[in-house]
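Asks: Got a structure here, written out as structure tokens. Questions coming.
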Amino acid sequence: MIVQPKRIEAFLSAPDAGISTFLIHGPDRGLVVQRIEALLDRLVGDRSDPFRVGELPAERIAADPRLLLEEAQSLSLLGGRRAVRVRDADDRIKGAVRELLKLPAQESLVFLEGGDLPGSSDLRRAIEKAPQAASLACYRDEGRTLEDVLRHELQRHRLVVDRDAFGALLASLGSDRAVTVAEIEKLAIYMGDPPGKVGLADVRAVIADGGVLSLDDLILDLLTGDGPGLVADLDRLLAEGGNEIQIVNRLQAAFGRLARLRAELDAGSSPDQVVAGLFWKLRDPWKKALGRWTVRAAQRAMRELLELDLRLKGEGGPPRRELIDRVLLVLCDPRLRGVGGA
């Protein structure tokens with residue numbers, strides 16, 4: 001079964017008793033881990049106890065599918081429910097999971113920790129069709145969801161922020177839930193006790209040099225058509241250990257946001273109204289981007305980035321950097337992509 005996004009928090013608090021296999025997947029790896037750990041805490045107890053929670057790498061299951069069935073049928077030596085956690089789950093283990101789902105009963109809970117699995121994934125399809133299995137997607141926080149997460153974390157640390165500081169946090173965070181939580185905790189430590197009111201200078205002091213901000217620079221390069229800046233920022237990100245797939249996924253999310261904002265503009269809102277919720281430093285670049293892209297062009301860019309994401313995850317073909325350069329530079333220049341502005 002699929003656990004719909006609006007039901008996920010309730011499901012984590014009270015998982016369905018009949019579910020014995022869980023697929024937690026999505027581009028936000030921090031949120032994937034957070035939700036798996038929440039379920040383990042709820043259903044098993046001490047997730048650090050090796051007698052209660054075992055681990056089985058996906059590559060071992062791919063080499064010997066029987067291992068998953070053996071683990072799933074193992075009893076806890078200490079009583080209570082046992083679990084097995086499979087990291088990096090993907091279609092390599094689809095056969096083993098299909099056999100698992102045929103079992104009339106399952107002694108141990110199975111947690112499959114997946115990445116950004118496409119809707120066409122055989123593993124996803126198998127889990128989503130099985131009544132005794134649950135699929136939970138973990139997407140990056142953006143828009144209203146990101147605002148809610150930030151407000152929750154700020155309140156948890158007793159932090160009060162002004163408008164510009166909150167805008168800076170919105171612009172800087174959201175690529176990974178674990179990073180967002182850690183950055184707010186770091187901000188709380190920086191502010192001390194009592195924390196006082198958080199201003200823009202405080203946010204800049206704590207996270208201004210973070211990798212997410214440089215990724216935002218890359219996003220603006222692409223949306224506003226700055227080819228040289230795009231190449232320079234991509235060089236810097238990759239030199240600092242940036243992940244190509246994460247970069248492409250963030251660009252997809254940015255074009256999704258661009259399409260929504262452009263639709264608001266087309267519906268009659270003014271450019272200033274459309275970008276009013278953005279951090280003040282981002283408003284002018286985003287207004288420029290809105291003048292360069294139509295909704296259809298932004299949606300087409302999202303499709304091309306999805307195809308790039310699939311090619312980066314595939315085997316063989318041109319080197320990753322060559323693939324990224326080819327797609328991003330074409331998207332950056334409307335003369336090359338053949339679609340674009342207002």
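Asks: With segment 243-342 as the region, which helices (runs of 4 or more DSSP H) entirely inside it contain at least 2 residues that are at pLDDT 85 or above? Give the steps one after another, and end with the answer.
Replies: Numbers: elements: 244-266, 271-274, 280-292, 295-313, 320-332, 334-337.
Result: 244-266, 271-274, 280-292, 295-313, 320-332.
Asks: Got a sec? Which of Leu31, Leu40, Leu67, Leu56 is among the hydrophobic types (A, V, I, L, M, F, W, C) and in contact with a Cys (Cβ under 8 Å, 6 or more places away or on another chain)?
Replies: Working: Leu40 fails: in contact with a Cys (Cβ under 8 Å, 6 or more places away or on another chain); Leu67 fails: in contact with a Cys (Cβ under 8 Å, 6 or more places away or on another chain); Leu56 fails: in contact with a Cys (Cβ under 8 Å, 6 or more places away or on another chain).
Going through Leu31, Leu40, Leu67, Leu56 in turn, just one is among the hydrophobic types (A, V, I, L, M, F, W, C) and in contact with a Cys (Cβ under 8 Å, 6 or more places away or on another chain): Leu31.
Asks: While we're here: Is there any pair with a first residue in segment 158-179 that is within 30 Å of Asp116 (Cα to Cα) and a second that is part of a loop (DSSP other than H, G, I, E, B) and among the hydrophobic types (A, V, I, L, M, F, W, C) whose Cβ atoms are under 6 Å apart and which are 6 or more apart or on different chains, and what are they?
Replies: Qualifying pairs under 6 Å: Gly167/Phe279; Ala168/Phe279; Ala171/Phe279.
Asks: Still on this structure: Of the numbered conditions (1) over 25 Å from the mean Cα position of the chain (by Cα); (2) touching a residue at least 60 places away in the same chain (Cβ under 8 Å); (3) open to solvent by 80 Å² or more (accessible area, probe 1.4 Å), Glu70 fails exactly one; give the number of that condition.
Replies: Looking at each condition in turn, Glu70 falls short on (2).
Asks: I've got another one for you. Given the conditions (1) over 20 Å from Leu12 (Cα atoms); (2) in contact with a Leu (Cβ under 7 Å, 6 or more places away or on another chain); (3) at pLDDT below 85, report the number of the one that Leu146 does not fulfil.
Replies: Condition (1) is where Leu146 drops out.
Asks: Strands (runs of 3 or more DSSP E) wholly in segment 1-95 with at least 3 residues that are farther than 19 Å from Ala105 by Cβ - which ones? I'd like the intermediate steps shown before the answer.
Replies: Numbers: elements: 21-25, 53-55, 83-89.
It comes to 21-25, 83-89.
Asks: Out of (1) out of contact with any Asp or Glu (no Cβ under 7 Å at 6 or more places or on another chain); (2) surrounded by fewer than 13 Cβ atoms within 10 Å (Cβ to Cβ); (3) not acidic (Asp, Glu), the odd one out for Leu75 is which?
Replies: (1)
Asks: Just one of Arg29, Arg52, Arg47 is closer than 20 Å to Tyr139 by Cβ and crowded, with 16+ Cβ neighbours inside 10 Å; which is it? Can you show your working first?
Replies: Details: Arg52 fails: closer than 20 Å to Tyr139 by Cβ; Arg47 fails: closer than 20 Å to Tyr139 by Cβ.
Sole residue among the options that is closer than 20 Å to Tyr139 by Cβ and crowded, with 16+ Cβ neighbours inside 10 Å: Arg29.
Asks: Let me ask another. Within the bounds of segment 67-88, is there any residue that is under 27 Å from Gly256 (Cα atoms) and not aliphatic (A, V, I, L, M)?
Replies: Filtering segment 67-88 for residues under 27 Å from Gly256 (Cα atoms) gives 88.
Pick out the ones that are also not aliphatic (A, V, I, L, M) and you get 88.
Yes, segment 67-88 contains a residue that is under 27 Å from Gly256 (Cα atoms) and not aliphatic (A, V, I, L, M).
Every residue, every condition in (1) buried (at least 19 other Cβ atoms within 10 Å of the Cβ); (2) of a type in the set (Gly, Ala, Ser); (3) under 21 Å from Tyr139 (Cβ atoms), yes or no:
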{"residue": "Leu237", "(1), (2), (3)": "yes, no, no"}
{"residue": "Gly241", "(1), (2), (3)": "no, yes, no"}
{"residue": "Ala254", "(1), (2), (3)": "yes, yes, yes"}
{"residue": "Leu258", "(1), (2), (3)": "yes, no, yes"}
{"residue": "Pro271", "(1), (2), (3)": "no, no, no"}
{"residue": "Ala276", "(1), (2), (3)": "no, yes, no"}
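Asks: Just the residues that are modelled with pLDDT of 90 or more and loosely packed, with under 15 Cβ neighbours inside 10 Å, please, taken from segment 103-112.
Replies: Correct list: empty.
Asks: Something else: Does Lys94 satisfy being among the charged types (D, E, K, R) and exposed (fewer than 15 other Cβ atoms within 10 Å of the Cβ)? Write out each step before concluding.
Replies: Values: among the charged types (D, E, K, R): yes; exposed (fewer than 15 other Cβ atoms within 10 Å of the Cβ): no.
Taking the combined requirement at face value, the residue does not satisfy it.
Asks: Take the residues of segment 113-137 that are in contact with an Asp or Glu (Cβ under 8 Å, 6 or more places away or on another chain) and in a helix (DSSP H, G or I): which is surrounded by the fewest Cβ atoms within 10 Å (Cβ to Cβ)? Walk me through how you get there before you give the answer.
Replies: Applying the first criterion (in contact with an Asp or Glu (Cβ under 8 Å, 6 or more places away or on another chain)) to segment 113-137 yields 113-117, 121-123, 134-135.
From what's left, in a helix (DSSP H, G or I): 122-123.
Details: Asp122: 15, Leu123: 24.
Step by step, filter segment 113-137, then rank; the result is Asp122.
Asks: Given the criteria at pLDDT below 90, open to solvent by 30 Å² or more (accessible area, probe 1.4 Å) and within 23 Å of Val3 (Cα to Cα), does Asp88 qualify? So that I can check it myself, show each step before the final result.
Replies: Details: at pLDDT below 90: yes; open to solvent by 30 Å² or more (accessible area, probe 1.4 Å): yes; within 23 Å of Val3 (Cα to Cα): yes.
Yes: the conditions hold for Asp88.
The values are calculated or read from the model by the stated rules, or taken from the named source; none is laboratory data. Keep in mind that this is a model prediction, so the values were computed, not measured. Note that each Cβ is placed from the backbone with ideal geometry, even for glycine, and that neighbours are counted across all protein chains shown. All accessible areas refer to the heavy atoms of the entire protein, side chains included, with ligands and DNA or RNA removed. Shrake-Rupley method; radii C 1.70, N 1.55, O 1.52, S 1.80 Å.
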